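Undergrad: Below is a structure I'd like to ask you about.
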Amino acid sequence: MPIPHLARPDLQLQTRLLHAGHAPVFDGGHAVNPPLVRASTVLFDNVAQQREMRARRADERLFTYGARGTPTTFALEDIVSELEGAYRTKLFPTGLAAIGMTLLAYLKPGDHVLMSDSVYGPARALTESFLKPYNIDCTFFAADGSDVEGKFRPETRLVYAECPGSLVYEMCDLPRIVELAHARGALVAADNTWGSGVQYRPLALGANISVMAATKYLSGHSDVMMGTVATTREAWEPLATRSDGFGMTVSPDDAWLVMRGTRTLAARLQMHERHAMVVAQWLQGRPEVKTVFCPALREHPGHEIWQRDCTGTNGLLSFELMPGTNAQSVDGFIDSLRLFGLGASWGGYESLVTEAHMQRARSVADWSQRGPVIRLHIGLEDPQDLLEDLCNGFSALQP
Ligand SMILES: *Cc1c(COP(=O)(O)O)cnc(C)c1O
């Protein structure tokens, strides 16, 4: 029996405290943005409705319990599905949780997974900490995909790619990898944090599953963590079953923040791209720099694939200092920067710097003979100020 959402002077105070304030109090229009709905319990009008909702929720997205999402998280799921060109999307507390759940959903003991040499470091770490103990074999393939064909096995169930790759943005021919995988009955998942659904869209290139750390550009303000997994209709069921089975959900407050970030995502990326290109071209002219890594540069390996498959670049760029650069002076370079924050993660409005430990980050590619690599995230500051800051950094470097 629904309790009428009205003042009930006949009820005791304790009861009135609990039941007051639920009536819709506004006459008039409605806000631009969806409301923030926080919920654990969801109430039904009668038993028949509750029974019907429970019967339908395996296939349909219904508001039946907080762990399965609220209208706020559903709204964000729809925005991400729109970005990714996906059938549906699930949200996770972090980008890493989204990666972990993808591996859990599509792999079982005895299976084999092919992982790109360029994957995000903690995803690589999952091969030792989780896959191996659960008898799921993992082989790394070259970040450009050149050796992937020969690495398939009869039990290969999943190819897990990241394009452009973490730290130095290697490009692979994803449609070609998809063709090889699908011909062998394997699915393809891609980490799409770099492209964030604006600059790159793995599902449009044939992948079945796309993972993003919404912590980065979708949120855009360095104040919230979240991960997303978007899939095609055919690939949806294992993800939905695992995710619901493990009780995976996100706070609607966090979802609301990420949703706010998505409204300016494309506009911010355009500005990150413009500023990053100014810095990238300036770095290419510095005598201390051996290589600048950014797929939008003509000299970047796989630049033609970037031209074909991406619609732009973002604020990320890395550079290799001349081999033999004094390691302590690299610390001095970083410490002397005033506008670049020293920290992991990226995708916020601000510029960041961190050293990229390439030898640790790759097992197929050999980085032992190369110079130190520094990763920058170019934020929305005026790029001229950033160049001056970097100039100061370079004066701290010693050969
Ligand atoms: C940051 C990042 C993740 C993980 O996201 P978190 O929200 O920090 O867990 C995954 N993939 C890539 C490529 C990333 O850069």
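The values are calculated or read from the model by the stated rules, or taken from the named source; none is laboratory data. Here the structure is a predicted model, which is why all the values come from computation and not from measurement. Methodologically, a virtual Cβ is constructed for each residue, glycine included, from the backbone with ideal geometry; neighbour enumeration extends over all protein chains shown.
Undergrad: Within the bounds of segment 192-199, is there any residue that is in a helix (DSSP H, G or I), surrounded by fewer than 24 Cβ atoms within 10 Å (Cβ to Cβ), in contact (Cβ under 8 Å) with a residue 12 or more places away in the chain and on the phi < 0 side of the Ramachandran plot?
TA: Step one: of segment 192-199, the residues in a helix (DSSP H, G or I) are none.
No, every residue in segment 192-199 fails to be in a helix (DSSP H, G or I), surrounded by fewer than 24 Cβ atoms within 10 Å (Cβ to Cβ), in contact (Cβ under 8 Å) with a residue 12 or more places away in the chain and on the phi < 0 side of the Ramachandran plot.
Undergrad: Using the structure shown, decide if residue 123 is away from the ligand (no atom under 16 Å from the Cβ), in a helix (DSSP H, G or I) and surrounded by 21 or more Cβ atoms within 10 Å (Cβ to Cβ). Steps first, please.
TA: Numbers: away from the ligand (no atom under 16 Å from the Cβ): no; in a helix (DSSP H, G or I): yes; surrounded by 21 or more Cβ atoms within 10 Å (Cβ to Cβ): yes.
Spelling it out, it is not the case that residue 123 is away from the ligand (no atom under 16 Å from the Cβ), in a helix (DSSP H, G or I) and surrounded by 21 or more Cβ atoms within 10 Å (Cβ to Cβ).
Undergrad: I've got another one for you. Which numbered condition in (1) in contact (Cβ under 8 Å) with a residue 60 or more places away in the chain; (2) assigned by TED's automatic domain parsing to the domain that holds residue 182; (3) buried (at least 16 other Cβ atoms within 10 Å of the Cβ) is the only one that residue 204 fails?
TA: All conditions pass for residue 204, except number (3).
Undergrad: I need the full set of residues from segment 275-292 which are surrounded by 15 or more Cβ atoms within 10 Å (Cβ to Cβ) and assigned to a helix (DSSP H, G or I), in order please.
TA: Filtering segment 275-292 for residues surrounded by 15 or more Cβ atoms within 10 Å (Cβ to Cβ) gives 275-280, 282-283, 286, 288-292.
Those that are surrounded by 15 or more Cβ atoms within 10 Å (Cβ to Cβ) and assigned to a helix (DSSP H, G or I): 275, 276, 277, 278, 279, 280, 282, 283.
Undergrad: Does residue 61 fit the bill of being over 28 Å from residue 200 (Cα atoms), over 14 Å from the mean Cα position of the chain (by Cα), surrounded by fewer than 16 Cβ atoms within 10 Å (Cβ to Cβ) and of a type outside the set (A, V, I, L, M)?
TA: Details: over 28 Å from residue 200 (Cα atoms): no; over 14 Å from the mean Cα position of the chain (by Cα): yes; surrounded by fewer than 16 Cβ atoms within 10 Å (Cβ to Cβ): yes; of a type outside the set (A, V, I, L, M): yes.
Spelling it out, it is not the case that residue 61 is over 28 Å from residue 200 (Cα atoms), over 14 Å from the mean Cα position of the chain (by Cα), surrounded by fewer than 16 Cβ atoms within 10 Å (Cβ to Cβ) and of a type outside the set (A, V, I, L, M).
Undergrad: Give the residues of segment 145-172 that are on the phi < 0 side of the Ramachandran plot, surrounded by 21 or more Cβ atoms within 10 Å (Cβ to Cβ) and not in a strand (DSSP E or B), sorted by residue number.
TA: 148, 163, 164, 165, 166, 168, 170, 171, 172
Undergrad: Across segment 336-363, which residue is nearest to the ligand (Cβ to nearest atom) among those that are in a loop (DSSP other than H, G, I, E, B), in contact (Cβ under 8 Å) with a residue 40 or more places away in the chain and small (Gly, Ala, Ser)?
TA: Filtering segment 336-363 for residues that are in a loop (DSSP other than H, G, I, E, B), in contact (Cβ under 8 Å) with a residue 40 or more places away in the chain and small (Gly, Ala, Ser), the one nearest to the ligand (Cβ to nearest atom) comes out as 345.
Undergrad: Does residue 219 satisfy being in contact with a Gly (Cβ under 6 Å, 6 or more places away or on another chain), crowded, with 23+ Cβ neighbours inside 10 Å and at negative phi? Give the steps one after another, and end with the answer.
TA: Values: in contact with a Gly (Cβ under 6 Å, 6 or more places away or on another chain): yes; crowded, with 23+ Cβ neighbours inside 10 Å: yes; at negative phi: yes.
Yes: the conditions hold for residue 219.
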